[in-house]
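This report concerns only the one structure given below.
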Amino acid sequence: MRLGARSDIGRMRQVNEDSFLAGEGLIAVADGMGGHQAGEVASRMACERLGEMLPVWPHDPAGWLLSVFSDINSRIYNMSLANPSCAGMGTTLTAAVFLEREMYVGHVGDSRAYMLRGGQLKRITDDHSVVGELVRSGSLTEEEARFHPRRNIITRAVGVEPVLVPDVIQVSIAPGDYIILCTDGLTEMVDDTEILGVMMSSDSPQAGADSLVRLANERGGHDNITVVIAHVA
Ligand code: MN
């Protein structure tokens, strides 16, 4: 599996509150929220904890993701209660575990996982956001959602409630597939058709990640931008 990753502060923000993990068999992105850099703390805690859990390699990846998300949720929630500067912090978390010819995606928030196969880009995750729900119910188009004033309000996050249940999605993978994880700093600036175009003209996962981040910045870079790409061998 070849990996590529890039995280960038963008052009408008003072800090990068995104974090990522790009490990053999486990990749993730997290987009933190909360004042005074607490979001940075939350997203980093999520990715570090995922990395620490790697030695306990899952035979049951779906169950493993449920328990790891629950563990990370408790840690961030407890730290936000104990530390006034971290009050209310939270993070999105989208994590993909690869086991033989299956991928398991744990997901909370409005970061995304995509699969590119045979020239088609398919979105694997649902956005847990106000506008994401309106798109799924047919009240908004994708394009309207990207420019909606409430587009940044997420309906589920890691670390803000005592109990969290993530989405866990199982997808079969095949050699040649690209898996793309990204934060909303990419998808707010670059639509799915453009993501596909960049990927089709990139010859490695790292080149793809670099080009997607560059394009989001060329469009204005309103938010932190993080992209992790895995190419299935
Ligand atoms: Mn963001």
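The values are calculated or read from the model by the stated rules, or taken from the named source; none is laboratory data. Remember, predicted model here, so these are calculated numbers, not experimental data. Glycine gets a Cβ as well: all are built from the backbone with ideal geometry, and neighbour counts include every protein chain shown. Ligands, DNA and RNA are stripped out before the accessible areas are found, and what is left, the full protein with its side chains, is counted by its heavy atoms. Shrake-Rupley method; radii C 1.70, N 1.55, O 1.52, S 1.80 Å.
What to note about this one:
- Counted charge near I173, where neighbours are those whose Cβ lies closer than 15 Å (Asp, Glu -1; Lys, Arg +1): 0
- Membrane-span-like helices in the chain, defined purely by DSSP H runs whose alpha carbon atoms cover 30 Å or more axially and whose average Kyte-Doolittle hydropathy reaches -0.5, are 61-82.
- Accessible-area composition of the range 2-231, carbon plus sulfur, in percent [1.4 Å probe]: 52 percent
- Here the Kirkwood formula, the inverse mean of 1/r across different C-alpha pairs, assigns the chain a hydrodynamic radius of 17.5 Å.
- From the Kirkwood radius over Cα pairs of the range 47-124, Stokes-Einstein at 10 °C and 1.306 mPa s returns a whole-number translational diffusion coefficient of 112 µm²/s.
- Residue among S129, A216, L196 farthest towards the positive dipole end of the range 2-231, charges placed on Cβ: A216
- Peptide packing for 213-221, 86-94 was compared via the average number of neighbouring C-beta atoms within 10 Å per residue; ordered from the highest value, the list is 86-94, 213-221.
- Exposure rank, largest accessible area first [D167, D110; 1.4 Å]: D167, D110
- G23 long-range amide H proximity, modeled H, under 5 Å: A28
- Taking other residues whose beta carbon is less than 9 angstrom from the beta carbon of N217, and scoring Lys, Arg as +1 and Asp, Glu as -1, yields +1.
- Note that the chain presents 43 Å² accessible area per residue, ligands and nucleic acids not counted, probe 1.4 Å.
- Euclidean distance between Cα centres, the range 67-119 to the range 131-189, Å: 12 Å
- Selection from G88, I173, A46 lying farthest towards where the dipole of the range 2-231 points positive, charges on Cβ: G88
- By average C-beta atoms within 10 angstrom, highest first, the peptides 190-201, 65-76: 65-76, 190-201
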